[in-house]
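Participant: Have a look at the structure that comes next, please.
The values are calculated or read from the model by the stated rules, or taken from the named source; none is laboratory data. These numbers come from a predicted model, not from an experiment. Please note: Cβ atoms are built from the backbone with ideal geometry, for glycine as well, and neighbour counts cover all protein chains shown. We work out accessible area using only protein heavy atoms, side chains counted, and drop any ligands, DNA or RNA first. Shrake-Rupley method; radii C 1.70, N 1.55, O 1.52, S 1.80 Å.
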Amino acid sequence: MTRLTFGIPVYNGERYLEAALDSVRQQDLADIRIVVSDNGSTDRTEEICRAAAQQDPRIDYHRYEQNKGGIWNYSNVLALADTELFSWMAADDIKLPTFASASIAALDAGGPDTAFSCPRTRIIDGNGTVYEDLNDESMGLDADTAHDRIRNLLRAQASHPMYGVIKMDALKRTRGITSVLGDDMVLLVELLCVGKMALAPEQVFLQRRHDSQV
């Protein structure tokens, strides 16, 4: 049974979208869903997505003619998912082939009081060159109490775990992505009220920072 959906919200993402799609298509866990929500793109995004969907039946491409905003788009890919586990995927990031299997293994090992997992993360630039290893080995997001987990999150100022693998049941106990400043940190705080984060020790998430990001 398919356990995991990758949700990719995109708007005018032609520069990095093919690499992002390829990275999730190449996961060593083959039984996945890939949901793409195209928020009224005017570049080659539609062409790239339709070509990929023709090649890979796991891709479920949805195009919307009007740009409804980033918050809506991030919420939409979640609404379109129907699996036990969910992972947001930015259209400019890279998830290496063992991302899914490593994250799910950590999540399963964490037990019922674990709400989500995330592997260790590296930062890449616009050309794909790694220029920072995040100091995320001991963030303390697996502390026994919610207030300790939240304190540790705020000390770490680490928003990248939002792009890990999250139990859908845990997400349903949050408000999801909300239209507030620091929406990713707000979501993580709510998830840490539900349960712990399990860390996968492999560095298999490459988060991209580049000059055309919001």
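Participant: Yes or no: residue 144 at pLDDT 95 or above, surrounded by fewer than 18 Cβ atoms within 10 Å (Cβ to Cβ) and not in a loop (DSSP other than H, G, I, E, B)?
Facilitator: No.
Participant: Return the residues of region 178-199 that are part of a strand (DSSP E or B) and small (Gly, Ala, Ser); say none if nothing qualifies.
Facilitator: 198
Participant: Ok, one more. In contact (Cβ under 8 Å) with a residue 40 or more places away in the chain and not in a loop (DSSP other than H, G, I, E, B), is that true of residue 207?
Facilitator: Against the criterion (in contact (Cβ under 8 Å) with a residue 40 or more places away in the chain and not in a loop (DSSP other than H, G, I, E, B)), residue 207 qualifies.
Participant: State yes or no: is residue 66 open to solvent by 20 Å² or more (accessible area, probe 1.4 Å), farther than 23 Å from residue 205 by Cα and assigned to a helix (DSSP H, G or I)?
Facilitator: no
Participant: Considering only region 167-174, I want to know if a residue exists there that is modelled with pLDDT of 95 or more, outside any loop (DSSP other than H, G, I, E, B) and among the hydroxyl-bearing types (Ser, Thr, Tyr).
Facilitator: No: zero hits.
Participant: Within region 29-55, count every residue that is in contact (Cβ under 8 Å) with a residue 60 or more places away in the chain and either open to solvent by 60 Å² or more (accessible area, probe 1.4 Å) or not in a strand (DSSP E or B) (or both).
Facilitator: The number of residues fulfilling the criteria is 1.
Participant: Residue 101 fails exactly one of the following numbered conditions: (1) under 25 Å from residue 18 (Cβ atoms); (2) not in a helix (DSSP H, G or I). What is the number of that condition?
Facilitator: It is condition (2) that residue 101 fails.
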